[in-house]
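Data first, discussion second: the structure below is written as structure tokens.
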Amino acid sequence: MASRSVIDGYSFADDADLSLASSEIEKIKFIAGKMNMDNAQGVLAVYDKLITSGIFVTPVGNEYLRTLQNFLYKNNDIPDEAIKEIPVPISYTRALNLRSEERDEKIAEERSRRTLRKTFRNEYKISLIVNIILIIMVIAMFIITLKAENPNMINYRTAILNQYSEWEQELNEREAAIREKELELGK
């Protein structure tokens, strides 16, 4: 795109300015083809008409106006006071301030990106530490749950089987004790 935005040695910021400069080149070719450079008064009349009409606003057009102005200054038939100054259609200080503001905005944006990156890094570290702590806590809860004597979701089957085994053993012991007593009493 950089090669597309260059005309006559000038690099333009956007396609609209490029198109404007291109149309000014066509106008310059047309005017130069029709103008008689031997007639200084005619060149002055065309120059004045170009200045008052404001046809040329790009550096390409202003360069052509400057060429005509220099021709008129060099011509002894035309007094220097009769030659108008070339108006500059833009404020260069405003353009420079805009460019400076754009640069400041880019710098501020880059700073905010760096701050966001630093903030993200800090938040990531904190999140990682919190997640590790939570994982350790979950593992500890599982260990506590597995080692607990009370039945819970994890060890309820084992706890119930153990409880029934204890009851069965207790019943067997009582039954054996009762049989012994019956044998003693039955003799």
Legend entry - segment 99-115 versus segment 139-177: alpha-carbon centroid distance in Å: 69 Å
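Throw me the Rg/Rh for segment 148-187, computed over C-alpha atoms with Kirkwood Rh, two decimals. All intermediate terms of the calculation are to be shown ahead of the outcome.
Numbers: Rg = 16.0 Å, Rh = 11.9 Å.
In segment 148-187, Rg relative to Rh is 1.34.
Using a Förster distance of 41 angstrom, determine the FRET efficiency expected from the C-beta separation of residue 172 and residue 138, and round it to 0.05.
Details: r = 42 Å, r/R0 = 1.01.
Here the calculated transfer efficiency is 0.50.
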Inset, instruction - Go through segment 111-119 residue by residue and turn each phi into a ³J(HN,Hα) via Karplus (6.51, -1.76, 1.60, θ = phi - 60°); whole Hz please, and just put x for glycine and proline. - result: 4, 5, 5, 4, 4, 4, 4, 5, 4
Inset, instruction - Quick one: which residues, 5+ away or cross-chain, put their amide H under 5 Å from the amide H of residue 7? H built at 1.01 Å from N. - result: 12
Inset, instruction - Return the aspartates and glutamates within reach of residue 181: Cα separation strictly under 18 angstrom, same-chain partners fewer than 8 residues apart disregarded; answer none if there are no such residues. - result: 170, 173
Inset, instruction - Hand me the trypsin sites (Lys or Arg not before Pro) from segment 1-101 located in a DSSP loop with no more than 12 other Cβ atoms within 10 Å, in residue order please. - result: 4
Legend entry - Phi to ³J(HN,Hα) by Karplus 6.51 cos²θ - 1.76 cosθ + 1.60 over segment 36-47, Hz, x for Gly, Pro: 9, 6, 7, 9, 5, 5, x, 5, 5, 5, 5, 4
Legend entry - Debye equation applied to the C-alpha atoms of the chain, log10 I(q)/I(0) at 0.13 Å⁻¹: -0.92
Inset, instruction - Inverting the mean 1/r over all pairs of different Cα atoms, compute the Kirkwood radius of segment 23-80 and quote it in Å. - result: 11.6 Å
Legend entry - Stretch gain in nm, segment residue 82-residue 117, where the contour uses 0.36 nm per residue and the Cα spacing is subtracted: 6.3 nm
Inset, instruction - Output ³J(HN,Hα) for segment 54-66: one whole-Hz value per residue in order, computed from phi by the Karplus curve 6.51 cos²θ - 1.76 cosθ + 1.60 with θ = phi - 60°, and x for Gly and Pro. - result: x, 5, 9, 10, 8, x, 5, x, 5, 5, 5, 4, 5
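Here, each number is a calculation from the coordinates, and none is a lab measurement. Predicted, not measured: the structure shown is a model, and the values here were computed from it. Positions of Cβ are backbone-derived with ideal geometry, glycine not excepted, and every protein chain shown enters the neighbour counts.
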